[in-house]
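J.: Here it is: the structure, laid out below.
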């Protein structure tokens, strides 16, 4: 089992366990850049966060460490879900009062069940998921996004832009070598007509 860490915030430097196989954790370098941009846009503080295909839970737990109000972490792989639960217990000791919930379920199953809306959603599906499968998940996710919410999709750069359902649009994209992060918003959330695109070497 590998180890990463929470980078900053109230639980900064806290070690997090990483599943030994079957997941692809977002690198600390990418997480640091992503959360710097999210905080600059005031999208973390007080947010209700959803982490789909959560793996180790590092993205959702990083958000809570930096001031998000809650995080729902969704992972269907039993070993990975057990690792997330272990990480949640560790983080909860540093962040009393924050709501952290682990859901042992497939992303689509969780979304179909309905429930509350989310302000910030991380979608980091396996790279071998097809574009059609990712698009189907996004269609289920769209009704669960708050009016000014944001989805951050992590995909292989080779996959190109995600195929979005009606009502969602790309706000910006940033490339980190083989990985690209796509910021996706509701159409009526003031999204620029022309999304910005940035590149950063790995």
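The numbers here are math on the coordinates, done by the rules we state, and not lab data. Remember, predicted model here, so these are calculated numbers, not experimental data. When we count neighbours, we look across all protein chains shown, and the Cβ atoms used for this are built from the backbone with ideal geometry, even at glycine.
J.: Roughly how tilted is helix 78-94, in degrees to the nearest 10 and between 0 and 90, from the longest Cα axis of the chain?
T.: The answer is roughly 70 degrees.
J.: By how many degrees, 0 to 90 and rounded to 10, does the Cα axis of helix 131-141 deviate from the longest principal axis of the chain?
T.: That helix lies at roughly 80 degrees to the long axis.
J.: Need the full-extension length gain, residue 3 to residue 146, defined as separation in residues times 0.36 nm minus the C-alpha distance. One decimal, nm.
T.: Length gained between residue 3 and residue 146: 48.2 nm.
J.: On to the next question. Nearest 5 is fine: what % of DSSP beta bridges in the chain come out antiparallel, could you say?
T.: The antiparallel proportion sits near 45 percent.
J.: Please report the relative contact order for the range 2-200, taking Cα pairs under 8 Å with a sequence separation of at least 6, and give it as a percent rounded to a whole number.
T.: 16
J.: Kirkwood Rh over alpha-carbon pairs of the range 1-89, then Stokes-Einstein at 37 °C and 0.692 mPa s: what D in µm² s⁻¹, rounded to an integer?
T.: 256
J.: Stokes-Einstein D for the chain at 10 °C, 1.306 mPa s, Kirkwood Rh over Cα pairs, in µm²/s?
T.: Working: Rh = 16.7 Å.
My calculation gives 95 µm²/s for D.
J.: Oh, and also: Compute for the range 100-189: radius of gyration divided by Kirkwood radius, i.e. Rg/Rh, restricted to C-alpha atoms, rounded to two decimals.
T.: Result: Rg/Rh = 0.94.
J.: To continue, here is another question. Length gain on complete extension for the stretch residue 79 to residue 131, per 0.36 nm per residue less the alpha carbon to alpha carbon distance?
T.: 16.2 nm
J.: Between 0 and 90 degrees, rounded to the nearest ten: what's the tilt of helix 28-40 against the longest Cα principal axis of the chain?
T.: Approximately 70 degrees, to the nearest 10.
J.: Please arrange 73, 164, 140 by how many other C-beta atoms lie within 10 Å of their C-beta, fewest to most.
T.: On the way: 73 30, 164 19, 140 16.
The order, fewest Cβ neighbours first, is 140, 164, 73.
J.: With the contact rule set at Cα under 8 Å and sequence spacing of 6 or more, what percent relative contact order holds for the range 73-150? Could the numbers behind the result be given before it?
T.: Working: 66 pairs, mean separation 25.8, N = 78.
Taking the mean separation of contacting Cα pairs over the length of the range 73-150, I get 33 percent.
J.: Related question: Sort 51, 124, 131 by Cβ crowding within 10 Å, fewest neighbours at the top.
T.: The order, fewest Cβ neighbours first, is 131, 124, 51.
J.: Grab the beta carbon distance between residue 92 and residue 42, set R0 = 35 Å, and tell me the FRET efficiency rounded to 0.05.
T.: On the way: r = 25 Å, r/R0 = 0.72.
For residue 92 and residue 42, the calculated efficiency is 0.90.
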